[in-house]
1. Does any residue of segment 219-231 turn out to be without any contact (Cβ under 8 Å) to a residue 24 or more places away in the chain and touching a helix residue (DSSP H, G or I) at 6+ places or on another chain (Cβ under 8 Å)?
2. Which residue pairs have Cβ atoms closer than 9 Å, lie 6 or more positions apart in sequence or on different chains, and pair a first residue in segment 33-44 that is more than 11 Å from residue 142 (Cα to Cα) with a second residue that is at pLDDT 95 or above and assigned to a helix (DSSP H, G or I)?
Ligand SMILES: [Zn+2]
């Protein structure tokens with residue numbers, strides 16, 4: 001049998017193996033979308049948690065300041081009671097008034113309709129905690145579905161792998177019947193050309209062309225291919241030329 005005809009069969013097998021590998025790497029659309037939407041949800045959780053952390057820091061800072069001011073105020077009140085002179089009392093009174101102003105800014109004062117700094121921070125913390133819970137629930141809902149899809153995809157890849165290994169064994173058996181130097185040459189061209197290493201020659205109005213790169217072949221090249229005494233390569237793309245089934 002014409003070794004190049006066998007090489008052509010081998011190439012068909014190799015292309016089939018390539019397609020299996022490609023299929024294995026293809027991520028199903030549904031799985032890709034599910035992965036992406038989980039990433040979005042997890043990013044949302046992380047962003048909300050960052051914001052919550054910032055608000056908590058602001059809240060603790062304000063709360064510490066408030067405790068500090070209250071401590072200073074009570075000391076000033078004690079000192080005012082112990083004050084010896086009216087002037088001193090007035091000075092402490094002024095100090096207490098200033099402390100009260102800042103305490104009011106932090107705590108708020110309903111009668112004066114001052115909202116204060118601390119309450120809005122607490123409201124914000126509650127709001128963020130609720131938002132985080134909502135998004136986390138979505139993550140918890142999405143995860144098992146994604147796991148299921150991942151498992152199905154893994155099974156799909158494994159089934160393809162089994163088919164690949166079986167076909168590879170058959171392919172190697174076929175290759176063993178072709179002269180090793182031809183197989184080696186074909187394989188190195190296939191690697192370099194990322195696909196085919198053997199190309200059929202086709203008749204044109206004025207001669208022959210390479211069906212891989214479509215270049216018109218010089219007549220002496222076409223003649224050598226027809227003679228079939230040695231391996232002839234396309235002068236343009238370098239693939240092994242085959243005259244085709246006769
Ligand atoms: Zn060519």
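1. yes
2. 44/131; 44/132; 44/135; 44/138; 44/139
The values are calculated or read from the model by the stated rules, or taken from the named source; none is laboratory data. No experiment lies behind these values; they were computed from the predicted model shown. Please note: Cβ atoms are built from the backbone with ideal geometry, for glycine as well, and neighbour counts cover all protein chains shown.
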